[in-house]
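Here the structure comes first, spelled out in structure tokens, and everything after it is commentary.
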Amino acid sequence: MKKQNWYKLLYQFAIIGILVFMGFRLLFDKAYAPDFEAYCPFGGIQALGSYMTMDSLSCSMTSTQIMMGVALFIGIVLFSRLFCGYICPLGTISEWLGKLGDKLKVRITPKGFVDYTLRLLKYALLFITFYFTLKSSELFCKKFDPYYAAVSGFDSDVTLLWALLAIGALVLGSLFFRLFWCRYLCPLGALSAIFKFSWWFLGVMALYVILILVGLDISYVYPLLVITAGGYILEVTRMKKVWPDPVHITRNTVTCIDCGLCSETCPQGIDVAQMEKVTHTDCTLCGDCLHACPEKDTLLINKKNMKWLPAAVLGALIILGIAAGTLFELPTIDQKWGTPEQIESAGVFEMEGLKNIKCFGSSTAFANQMRRHEGIYGVSTFVANHKVRVLYDTSLYDDEKLQQLMFVPVKRVIRAVTKDVDSVTYYTLTIDKFFDPLDATYLQHLLNQKTEACGFQTEFACPVIVRIYFPAGKEPGRDALTEVIESKNLTFTSNDNVFHVKLPYRVISFEDASATISIREYASEMFTPKSSFFNGYSDYTEEIISGYLLPVGSNSEHADMYNYLISHLSNDEGVVGFETRLDENGDEVAAIWYVDTLTTPGEIFGYVNADTLLIHFSDGRTGRVPNPFRFREPDSAAAAERLP
Ligand code: SF4
Ligand code: SF4
């Protein structure tokens, strides 16, 4: 009976077991928020690439992923594609499905021209993936990666059709063709093969750096193209025959009995029984052939009996990668716009726990917000700890003033008050560990789920002041409200995704006794006017522009999505403006300005109540989101008055 390669199986079962455990825990533990790609080396290498070309880490990547990428590189250069052979979950699934295909006698191994041509696909995918990742600092592979699609539950980063095609290729391809995903489609497989030719990869990179240093302005696209194209040529021309890996499988031709078990067992389909040294690029040093060989001291690693070596090296690399990743953290963005003298004399302020700092996009938004203030010279962000570092003029700011700059006050309507409510009661309190807009979103969900609160607003102080409003008579006692705010966990749904969040809030004080105000005062306290003009508004004379007034009603709960509504309205070329205001009864109304020769109130009413909103993003992309707004017809078709 063939001996099992328990070194490899233990890794494979451990990885699949951990993923299954995380998946099941998600089902039963509502507060559990796993990061399924926390240790993905491919993401780390892409992030490192974008860091070198754009001074920013891709997406929400951290140093741990980068160090795992570095560990992957070292492992491949000195040993082999250990990640592919032992721990990649897609590789494991491909291998196990392939065994099923063999049992069903439906699996084939493409050879010759077909094999060589299909191998080109993964290099093309590698080029495309890196090209778009380095261009945008967002991980492009998330759009089609079957692993990410499955574990994220097809989140918004996934392009559904591409991911379904990739999953189909993984499952059906692996059943009918030997390691179809790994050999022909996996960009990490292509990158791993390139790293096997480290002299090629490092040579091109060194030449590129030299050319940049001598002053040539060369896009990263050229070295990327040369590296990927060269990698493909080196793989299919089997150059490993000329430069074998430092650590490789060797066969003792004297003691070998030519049983062929090694070739039969190799998951890569390498004909080990015909080689003295395994020099094939596909070899992952998985060790299956070593364990299958029935003859003592025949199939060895570098002519020595070290079956344990690849598994031990892989374990050491994983531990080293994680340890190195925890020792330091690269900033997600590191921007400085002050002069060298200003930066030299700048103070450094650091703040952790800013939940909104969670990816490249939110980091850039934060930097843009800070850049608007005089005396701020630079910003770095660290998404793993939700930390920011700000360089500032010490004569203009102290710690509290800087926190005030970073603070974004919010007003949130939780639910519209019903017509029968004529007064509102509020509490004013301070909350520790509550600072950024994401905290406000969590508080909104907490209050919505556990109280009858109708709204709240925040004001800067250390700690932050929060005023929470309830329809009079529906307010909970202080202790009950404190218990709600100090909830340890929160689960909520947004855009069909379920989020589980651990909360750290602590109520420090209730500053006033509760107070009661009229519904009109409440409306005016909570109201934040919104106005936007577009589609050439200023090109039209006042006589040509008409106004269409719509009661806002319960739509005020979605005031944070007015920008989406405005973007959608701009698709009607006759609509030229959008404003909100309070009418004489204190009710919020939306005034939509339009050119009556180009559109009509009926068409506008259809637009604002469409099932989905067609959005134009600042980078030129468009997208659709479900429309949360439902406007009712105005009682009278009164035209809006032009606001001063
Ligand atoms: S040659 Fe041996 S070590 Fe290499 S992939 Fe095949 S079975 Fe694994
Ligand atoms: S399994 Fe061992 S004995 Fe059999 S062919 Fe391969 S090297 Fe030779």
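The values are calculated or read from the model by the stated rules, or taken from the named source; none is laboratory data. Here the structure is a predicted model, which means the values were calculated and not measured. Cβ sites come from the backbone with ideal geometry, for glycine too, and all protein chains shown count toward neighbours. Just so you know, the surface numbers come from the protein's heavy atoms only, side chains and all, with ligands and any DNA or RNA stripped out. Shrake-Rupley method; radii C 1.70, N 1.55, O 1.52, S 1.80 Å.
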Of the listed residues (Met52, Met61), the one being modelled with pLDDT under 80, open to solvent by 40 Å² or more (accessible area, probe 1.4 Å) and on the phi < 0 side of the Ramachandran plot is Met52
Problem set entry | Some residue of segment 411-433 being of a type in the set (Phe, Trp, Tyr), open to solvent by less than 30 Å² (accessible area, probe 1.4 Å) and modelled with pLDDT under 90 | no
Expected single match for over 24 Å from Phe407 (Cβ atoms) and open to solvent by less than 50 Å² (accessible area, probe 1.4 Å) among Leu354, Leu327, Leu314 is Leu314
When segment 463-482 is checked residue by residue, the ones that are over 30 Å from the mean Cα position of the chain (by Cα) and part of a strand (DSSP E or B) are Ile465, Val466, Arg467, Ile468, Tyr469, Phe470, Pro471
Wholly inside segment 409-462, strands (runs of 3 or more DSSP E) that include 2 or more residues that are over 31 Å from the mean Cα position of the chain (by Cα) and over 21 Å from Gln369 (Cβ atoms) are 423-432
Any residue that is among the hydrophobic types (A, V, I, L, M, F, W, C), within 10 Å of ligand 2 (Cβ to nearest atom), open to solvent by 10 Å² or more (accessible area, probe 1.4 Å) and free of Cβ contacts under 8 Å to residues at least 40 places away in the same chain - is there at least one of those in segment 248-256?
no
Taking segment 372-399 and keeping residues open to solvent by 20 Å² or more (accessible area, probe 1.4 Å) and polar (S, T, N, Q) leaves Asn385, Thr394, Ser395
(message) For the structure I just gave you, tell me whether Cys259 is open to solvent by 50 Å² or more (accessible area, probe 1.4 Å) and modelled with pLDDT of 90 or more.
(response) yes
Ser192 meets each of (1) among the polar types (S, T, N, Q); (2) touching a residue at least 40 places away in the same chain (Cβ under 8 Å); (3) open to solvent by 20 Å² or more (accessible area, probe 1.4 Å) with one exception, condition (3)
Report yes if Thr528 is on the phi < 0 side of the Ramachandran plot and either open to solvent by 50 Å² or more (accessible area, probe 1.4 Å) or assigned to a loop (DSSP other than H, G, I, E, B) (or both), otherwise no. yes
Log entry, pairs with first residue in segment 261-286 being touching a residue at least 40 places away in the same chain (Cβ under 8 Å), second being within 6 Å of ligand 1 (Cβ to nearest atom) and of a type in the set (Asp, Glu), beta carbons closer than 7 Å, six or more apart or on different chains, reads Thr265/Asp288; Pro267/Asp288
Note on Gly553: of the conditions (1) buried (at least 18 other Cβ atoms within 10 Å of the Cβ); (2) closer than 26 Å to Glu525 by Cα, unmet is (1)
In segment 570-593, anything within 25 Å of Arg415 (Cβ to Cβ) and either among the hydrophobic types (A, V, I, L, M, F, W, C) or open to solvent by less than 30 Å² (accessible area, probe 1.4 Å) (or both) is listed as Phe578, Glu579, Thr580, Leu582, Gly586, Val589, Ala590, Ala591, Ile592
If we keep only residues of segment 237-256 that are out of contact with any strand residue (DSSP E or B) (no Cβ under 7 Å at 6 or more places or on another chain) and of a type in the set (D, E, K, R), then the residue modelled with the highest pLDDT is Asp245
Note on Gln335: of the conditions (1) assigned to a strand (DSSP E or B); (2) within 13 Å of ligand 2 (Cβ to nearest atom), unmet is (2)
Discussion item. Just checking, does segment 263-271 include any residue being of a type outside the set (Gly, Ala, Ser), in a loop (DSSP other than H, G, I, E, B), at pLDDT below 95 and farther than 22 Å from Gly112 by Cα?
Written reply: no
Among (1) at negative phi; (2) within 15 Å of ligand 2 (Cβ to nearest atom), Lys303 falls short only on (1)
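Please determine whether any residue of segment 270-293 is within 13 Å of ligand 2 (Cβ to nearest atom) and over 26 Å from Lys99 (Cβ atoms).
yes
Conditions tested, residue by residue: (1) open to solvent by 60 Å² or more (accessible area, probe 1.4 Å); (2) among the small types (Gly, Ala, Ser).
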position	(1), (2)
Leu134	no, no
Leu139	no, no
Lys143	yes, no
Tyr148	no, no
Ala169	no, yes
Leu172	yes, no
Arg178	no, no
Would you confirm, using the coordinates I've provided, whether Leu285 is in the same structural domain as Glu95 (by TED's automatic domain parsing), open to solvent by less than 10 Å² (accessible area, probe 1.4 Å) and in contact with a His (Cβ under 8 Å, 6 or more places away or on another chain)? yes
Practice prompt. Evaluate segment 488-506: report whether one residue or more is modelled with pLDDT of 90 or more, of a type in the set (Val, Ile, Thr) and surrounded by fewer than 19 Cβ atoms within 10 Å (Cβ to Cβ).
Written response: no
Scanning segment 219-252 for residues that are part of a loop (DSSP other than H, G, I, E, B) and away from ligand 1 (no atom under 16 Å from the Cβ), the one nearest to the chain's Cα centre (by Cα) turns out to be Tyr220
Screening Leu285, Leu314 for residues that are more than 11 Å from ligand 1 (Cβ to nearest atom) and closer than 21 Å to Glu95 by Cα leaves only Leu314
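Go over the candidates Gln335, Gln369 one by one and state the one that is more than 14 Å from ligand 1 (Cβ to nearest atom), crowded, with 19+ Cβ neighbours inside 10 Å, polar (S, T, N, Q) and under 30 Å from Lys135 (Cα atoms).
Gln335
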| query | surrounded by fewer than 22 Cβ atoms within 10 Å (Cβ to Cβ), farther than 20 Å from Ile45 by Cβ and in contact with a Phe, Trp or Tyr (Cβ under 8 Å, 6 or more places away or on another chain), is that true of Leu160? | reply | yes
Taking segment 100-127 and keeping residues in a helix (DSSP H, G or I), within 26 Å of Ile194 (Cα to Cα) and in contact with a helix residue (DSSP H, G or I) (Cβ under 7 Å, 6 or more places away or on another chain) leaves Tyr116, Leu118, Arg119, Leu120, Leu121, Lys122, Tyr123, Leu125, Leu126, Phe127
In segment 583-610, anything in a loop (DSSP other than H, G, I, E, B), of a type outside the set (A, V, I, L, M, F, W, C) and in contact (Cβ under 8 Å) with a residue 40 or more places away in the chain is listed as Asn585, Gly586, Asp587, Asp596, Thr597
**Study point:** Test: Ile212 is in a loop (DSSP other than H, G, I, E, B) and in the same structural domain as Leu134 (by TED's automatic domain parsing)
**Key:** no
